[in-house]
1. Among the residues of segment 90-114, write down those that are closer than 18 Å to Leu175 by Cα and of a type outside the set (A, V, I, L, M, F, W, C).
2. Quickly run through segment 1-45 and pick out the residues that are assigned to a loop (DSSP other than H, G, I, E, B), basic (Lys, Arg) and closer than 27 Å to Asp117 by Cβ.
3. On the basis of being at negative phi, of a type in the set (Lys, Arg) and touching a residue at least 40 places away in the same chain (Cβ under 8 Å), does Lys307 make the cut?
4. Being closer than 27 Å to Trp133 by Cβ and small (Gly, Ala, Ser) is the filter here; which residues of segment 279-297 pass it?
5. Do you know which of the residues in segment 280-338 that are closer than 14 Å to Asn223 by Cβ and among the acidic types (Asp, Glu) is most open to solvent (accessible area, probe 1.4 Å)?
6. For Ala157, state whether it is open to solvent by 40 Å² or more (accessible area, probe 1.4 Å) and among the small types (Gly, Ala, Ser).
7. What is the one condition in (1) open to solvent by 10 Å² or more (accessible area, probe 1.4 Å); (2) under 15 Å from Gln79 (Cα atoms); (3) among the acidic types (Asp, Glu) that Asp169 does not satisfy?
8. Please indicate, with yes or no, whether at least one residue in segment 26-40 is open to solvent by 50 Å² or more (accessible area, probe 1.4 Å), within 21 Å of the chain's Cα centre (by Cα) and over 30 Å from Val293 (Cβ atoms).
Amino acid sequence: MKLASLKDRRDGRLVVVSRDLTRCADAHAVAPTMQAALDDWEAAEPRLIEIADALEANRIAHVPFDPAKCAAPLPRAYQWLDGSAYVNHVALVRKARGAEMPASFWTDPLMYQGGSDVLLGPRDPIAVADEAWGIDLEAEVVVVLGDVPMGATREQAAAAIRLIMLVNDVTLRNLTGPELAKGFGFVQSKPASAFTPVAVTPDELGHAFDGAKVNLPLLSFVNGAPFGKPVCGNDMTFDFPSLIAHAARTRALGAGTILGAGTVSNRDADGGPGKPIGEGGLGYSCIAEQRTVETIRTGKPVTPFLKFGDKVCIEMRDAEGRSIFGAIEQDVVRYTRT
């Protein structure tokens, strides 16, 4: 089942989307918003499945599905937690700013709490006031949770996964170093994140989701050129149940919590940090990684961070090449006060 939120007031209007992403049917009779459905998932899910089945069979009123009319599936969430499950990414980004990586990062997940009051739709721009802040994309897979008890077991954590989607977790790289040096985490260096048009139930991924990892490439494009295609299940040091249990160690998580696995990052076949797509590698899910690899290889970074006018696209396709979540397509624009 595929669900989306059309732009309507603050929290959107819930719709069920056809598997081919061409049509959608209103779900207001079941739940007015995505959050309302998650709050009562046991009752809402079977009724939403009925709508989905009727939509596939063309037995229900529907309209064309337009990603440009979509808010984020959860336009605002009670909680947005982002882990860093791909330790290769952590090591490279820390190396770029001259920070050592503690050995504990391989055994204890990194995680921060992001801003969840404003989450962007798939066509909303990346609006930044200053290019000098170092605008970077970060392509990730995220899950949306039901209620998770404090001290959840791995089994309870896995069972809490309700939906899966993608995110562009934008980072302002030139602000991260000074901010993290204060020892209190990200705030200004993490502007609003953007999400795919639809969130899908785990069964929509078939064998590509084993309950813990998504085993498909995550595709990123900058100005139409392929930038990254790392496989999400590879080099994932901490899987989703591990991340969920980590987040719930000392507190319960409420229904509607969004939890990300961090920037997808693969090592090269020879064990190295990875090569650009143009050199036969799998590329990267953020520019910071490519700049670090360039510095290792040539002594200085070459690839610039994003500029005003650039375009970013993030998408995942199934084995037949069909888009699963729809695409995040964002223009980088100068923010101006209104």
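The values are calculated or read from the model by the stated rules, or taken from the named source; none is laboratory data. Since this is a predicted model, take the numbers as computed values, not measurements. Because the Cβ atoms are built from the backbone with ideal geometry, glycine has one as well, and the counts that use them run over all protein chains shown. These accessible areas exclude ligands, DNA and RNA; they are computed on the full protein's heavy atoms, side chains included. Shrake-Rupley method; radii C 1.70, N 1.55, O 1.52, S 1.80 Å.
1. Result: Arg94, Lys95, Arg97, Gly98, Tyr112, Gln113, Gly114.
2. Lys7, Arg9, Arg10
3. Values: at negative phi: yes; of a type in the set (Lys, Arg): yes; touching a residue at least 40 places away in the same chain (Cβ under 8 Å): yes.
So Lys307 fits the description; yes.
4. Gly283, Ser285, Ala288
5. If we take residues in segment 280-338 being closer than 14 Å to Asn223 by Cβ and among the acidic types (Asp, Glu), then Glu329 is most open to solvent (accessible area, probe 1.4 Å).
6. Working: open to solvent by 40 Å² or more (accessible area, probe 1.4 Å): no; among the small types (Gly, Ala, Ser): yes.
The answer is no for Ala157.
7. All conditions pass for Asp169, except number (1).
8. To start, the set of residues in segment 26-40 that are open to solvent by 50 Å² or more (accessible area, probe 1.4 Å) comprises 26, 28-29, 32, 39-40.
Next, only the ones that are within 21 Å of the chain's Cα centre (by Cα) stay: none.
No, because not a single residue in segment 26-40 is open to solvent by 50 Å² or more (accessible area, probe 1.4 Å), within 21 Å of the chain's Cα centre (by Cα) and over 30 Å from Val293 (Cβ atoms).
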